[in-house]
Every structure is written in C-alpha cells, then in structure tokens.
Protein chains: 2
Amino acid sequence: MSRVIVRAFSVSIDGFGAGPNQDIDNPLGIRGPELFDWFFHTRTWNAQHGGAGGETGVDDDVAAQSFENIGAWILGRNMFGPVRGPWPDEAWRGWWGEEPPYHVPVFVLTHHARKPLAMDGGTRFHFVADGIHSALEQAKASAKGKDVRIGGGAATIRQYLRAKLIDDLHLAISPVLLGGGEHLMQGLDMHALGYECYRHIPGKRAAAHVFLRRITRP
Amino acid sequence: MSRVIVRAFSVSIDGFGAGPNQDIDNPLGIRGPELFDWFFHTRTWNAQHGGAGGETGVDDDVAAQSFENIGAWILGRNMFGPVRGPWPDEAWRGWWGEEPPYHVPVFVLTHHARKPLAMDGGTRFHFVADGIHSALEQAKASAKGKDVRIGGGAATIRQYLRAKLIDDLHLAISPVLLGGGEHLMQGLDMHALGYECYRHIPGKRAAAHVFLRRITRP
C-alpha cells in the first residue's frame, strides 16, 4: 500500500529543519548544511553524486533506506529553488543540475503554474498550484503503489502533519544548535495529531535517528 | 572551578522538558514521566530510592555522573512543590519525603520568602526571593568550589540560559512526543547565546544524550 512518508529529514537539537535566510547561495539556510553532516559523509551520498567511497554503517544504512520504494516525491517550492513569486521564465531547473537524484515524478507545491519539466534520469517535475491535497492525490496516482515521500522543507511537512496525512517519519537529530531558521514542530501538538515514536537508533554522526508514526488512539 | 551545569535534563523529541498541567498528582505534568523512562530504569535511580538492581550501561553512567561533584542545586519553585502564591504554612516539605536526593544546599527560586528547611541526609532548602542572580551567588558560595547544578524546571533553565550563566548542559533526548508542556528552547537563540553541541552519545532507552557548552565566539 502506498504510504506517505518523510525520510532522512534532519533537525537540529533545537528543532530547526533548515537555517535562516535561505537564498541561492544558501539553499539550506545559514549553517543549514551542518544538519546534513551525517548524510554528506555516507557512501549513499557519494554514490548519488557520482563518487566512490564514503562511510558505511548506521547513518549510511538509513540514508540508503530513505530512497527505497519511493514512487513519487512532493517538495515545497523553496526546496526546488530560490525563485519567489511568478516564474519569470523557465530558466530555473532545480538545485540539482540536469540529473536530479529523484528518478521518479516530483510534485512541487507552488502558487504559480508552470509546465512540467522532464529531466535526465527519469525525474519529472510537476508544478501543483491547487494545494497540498491535490499534490498528494497526483503523487499517489503516479507512485503506482509505492510510497510518496514528502521531501520538505519544514513548512511543507508541517502542512501535511497538520492535515494528519503523513503515515511515517524518519528524522535525523543532528548534534548542532542552529538558533533560528525553519522549525519543524513548533506550535504543532504532535501527540494530539496522533504521532508516536516507535523506534530510535543511534547515529554515528547524527545524534539519533528517530522514527515516528501516526496511530489511531482509542 | 565551580561551574554552573545542567545534568540529565530530559526533553522530548518535540522539545518539551515537562508535560502540561503539572499538579500534586502530576509533578512532571501529564505524560511527563515518559521523559524519564531512561532514568527510572537505572541502577542509580534504584539506589537513590533505597532499592537494589536496575540497568547498567550508558544511561546509568550518565545518570551517575549527573550527581558527581555537585556542591549546590538551584530549583524553580514548581520543582519543589505544587504550592503557588504565598506559602499558607510550612507543611509542604518538597516532593521527596524527609530525605531528598540532594544532600547539599538547594536554593529554591520563589517570590515568597520562607525560612530555610533542613532535611535528613544533608539537604537544606533555602528559599530565594530576590532573583536568579542572587540564587546563583548564594549557591556558588555554598558549593565551595564544586559545581552548581540547575535542576530545572524548563522555565528556570531558560532564565539562566538567557542570562548566559550556564556553562555546560547534558540533555537526554527521550524518544517520546509530548505535544505540549514546558518547552526548553522555544524562542531562545541557542547559537546566539553562545552554545554549541560538543558531544553526543547514544542512550539505550534515551534516544541520545547530548552535551552543550557555552563558548566565546571570535
């Protein structure tokens, strides 16, 4: 059955999923890359970027698992790029160059319609201007029974959490204090929304990997 | 040198240091005890409560270390008891019975003066009505070169963090979602206050133990 999942989403000890002041030079915000130190060292990351080597072990295991059985992705617009407001043209084609690491349909939430964009390696960006429910419906249809991964950023995950539409989340708690940026859970009552932690495993560079799922309480 | 430290302070994945609705039946707030699951199973906890047995290992190690070299404690009033406003009488003598687990002077922050209270086992409660700086000064004088441990709750730790007066914190990230309660870091810019994570070790029942210190940045 197609599940809606979040995988390998990094948060700081103080709860931020990205640093402040995201722009073209800082796609993860100021000091945001520190959140991904655990990931950038893995063999999985290296392989995705055409390199060999990298660390194996628990951080690499969860990194690899985070790409398994994904039939479609949903991304907030800021995860696709730094362009704000109406698209001035079609020049911006994502942060990842001509072959993004998705290889499946990717639904980008935006308020401004744009034609789909076919990239090398099977990634196809679809721009969804009619809301999170429509994006999820389209993503599920495209996923053909595989999972739909909500890639982020924090604001997008928060919208789907609030709507109780995420089945399962893997968060990597990174051993850093960002102090500001995009907070993942602030103002969300994760317990009332039905979420519980069902598993935690220590990382090597990550402080911990925690796994949350939505349950129906009696 | 006497340091000001926080030790074994548990926070949920969503950042709460206690559950909501603390009262005499729920000194840690609703579902607050879940935060301390890692601690309640340790040999250290058992020994403090006159029992034998309990788990050894990393959670027990940090629990034991959390009581080492402590010369004085500072507690917020809610950690001392559920009484609010002026003391109606001197009947309330803390949550812990006649022999509290401190065995050194404990400075309780309050807006309402009260005579010191000598307990069995060397604990002596002092009630400080003139603010956090005064409490720290008195605690340091009593600690005779040992460390001053800020026991909590979250509001008390937040006051000392904001004043940049805490040198070192050990937080146990517990694998639970509380959804509400007393948040430790919300609205605090821990990076701007000078804090960094310098160590993290996996817990067995705790998701991770993280160690933060205050540094002077260039």
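The values are calculated or read from the model by the stated rules, or taken from the named source; none is laboratory data. Here the structure is a predicted model, which means the values were calculated and not measured. Note: ideal-geometry Cβ built from the backbone for every residue, glycine included; neighbour counts use all protein chains shown. Areas reflect the complete protein model, heavy atoms only, side chains present, ligands, DNA and RNA absent. Shrake-Rupley method; radii C 1.70, N 1.55, O 1.52, S 1.80 Å.
Is it fair to say residue B:2 is within 14 Å of another protein chain (Cβ to nearest Cβ), of a type in the set (Ser, Thr, Tyr) and open to solvent by less than 40 Å² (accessible area, probe 1.4 Å)?
The answer is no for residue B:2.
Sort out which residues of segment A:1-29 are closer than 29 Å to residue B:170 by Cα and hydroxyl-bearing (Ser, Thr, Tyr), and write them in order of number.
Initially, segment A:1-29 is screened for residues closer than 29 Å to residue B:170 by Cα, giving A:6-20, A:28-29.
Scanning segment A:1-29 gives A:10, A:12.
Could you tell me whether any residue of segment B:120-130 is aromatic (Phe, Trp, Tyr) and in contact with a Ser or Thr (Cβ under 8 Å, 6 or more places away or on another chain)?
Yes, the conditions are met somewhere in segment B:120-130.
Only one of these conditions is not met by residue A:60: (1) more than 30 Å from residue A:133 (Cβ to Cβ); (2) at pLDDT 95 or above; (3) surrounded by fewer than 18 Cβ atoms within 10 Å (Cβ to Cβ). Which number is it?
(3) is the only condition that residue A:60 fails.
Let me confirm something: among A:148, A:210, which residue is within 17 Å of the chain's Cα centre (by Cα), buried (at least 22 other Cβ atoms within 10 Å of the Cβ), of a type in the set (Val, Ile, Thr) and within 13 Å of chain B (Cβ to nearest Cβ)?
A:210
Please state which one of B:80, B:39, B:67 is modelled with pLDDT of 90 or more and touching a helix residue (DSSP H, G or I) at 6+ places or on another chain (Cβ under 6 Å).
B:39
From the residues in segment A:189-198 that are at the interface with another protein chain (Cβ under 8 Å from one of its Cβ atoms) and open to solvent by 10 Å² or more (accessible area, probe 1.4 Å), which one is nearest to residue A:20 (Cα to Cα)?
Of everything passing the filter in segment A:189-198, A:189 is nearest to residue A:20 (Cα to Cα).
With segment B:59-167 as the region, which strands (runs of 3 or more DSSP E) entirely inside it contain at least 1 residues that are under 22 Å from residue B:16 (Cα atoms), in contact (Cβ under 8 Å) with a residue 12 or more places away in the chain and touching a His at 6+ places or on another chain (Cβ under 9 Å)?
It comes to B:105-109.
How about segment A:114-131: which of its residues are open to solvent by 20 Å² or more (accessible area, probe 1.4 Å), closer than 24 Å to residue A:163 by Cβ and of a type outside the set (D, E, K, R)?
Within segment A:114-131, A:126, A:127, A:129, A:131 qualify.
With the checklist (1) within 25 Å of residue A:120 (Cβ to Cβ); (2) within 13 Å of the chain's Cα centre (by Cα); (3) open to solvent by less than 60 Å² (accessible area, probe 1.4 Å) in hand, flag the one item residue A:87 doesn't pass.
Failing condition for residue A:87: (2).
Given the conditions (1) touching a helix residue (DSSP H, G or I) at 6+ places or on another chain (Cβ under 9 Å); (2) aromatic (Phe, Trp, Tyr); (3) farther than 24 Å from residue A:1 by Cα, which single one is not true for residue A:96?
Unmet for residue A:96, out of (1) touching a helix residue (DSSP H, G or I) at 6+ places or on another chain (Cβ under 9 Å); (2) aromatic (Phe, Trp, Tyr); (3) farther than 24 Å from residue A:1 by Cα: (1).
In segment A:176-218, how many residues are under 28 Å from residue A:40 (Cα atoms) and either among the polar types (S, T, N, Q) or in contact (Cβ under 8 Å) with a residue 60 or more places away in the chain (or both)?
Final tally of qualifying residues: 19.
Across segment B:170-186, which residue is farthest from the other protein chains (Cβ to nearest Cβ) among those that are in a strand (DSSP E or B) and crowded, with 24+ Cβ neighbours inside 10 Å?
The extreme case among them is B:182.
Does residue B:72 fit the bill of being hydrophobic (A, V, I, L, M, F, W, C) and open to solvent by 30 Å² or more (accessible area, probe 1.4 Å)?
When the stated conditions are applied, residue B:72 does not pass them.
Quick one: residue B:204 ticks every box in (1) away from chain A (no Cβ under 14 Å); (2) farther than 29 Å from residue A:179 by Cβ bar one, so which box is it?
Of (1) away from chain A (no Cβ under 14 Å); (2) farther than 29 Å from residue A:179 by Cβ, only one is false for residue B:204: (1).
State which residue is least open to solvent (accessible area, probe 1.4 Å) when the search covers only segment B:9-30 and only residues that are closer than 18 Å to residue A:11 by Cα and of a type in the set (A, V, I, L, M).
B:11
Only one residue in A:29, A:19 is in contact with a helix residue (DSSP H, G or I) (Cβ under 7 Å, 6 or more places away or on another chain), within 13 Å of chain B (Cβ to nearest Cβ) and in contact (Cβ under 8 Å) with a residue 60 or more places away in the chain, so which one is that?
When all the criteria are applied, what remains is A:19.
Hey, residue A:11 hits all of (1) assigned to a helix (DSSP H, G or I); (2) within 13 Å of another protein chain (Cβ to nearest Cβ) but one; which does it fall short on?
(1)
Report yes if residue B:157 is open to solvent by less than 50 Å² (accessible area, probe 1.4 Å) and over 26 Å from residue B:39 (Cα atoms), otherwise no.
So residue B:157 fails the test.
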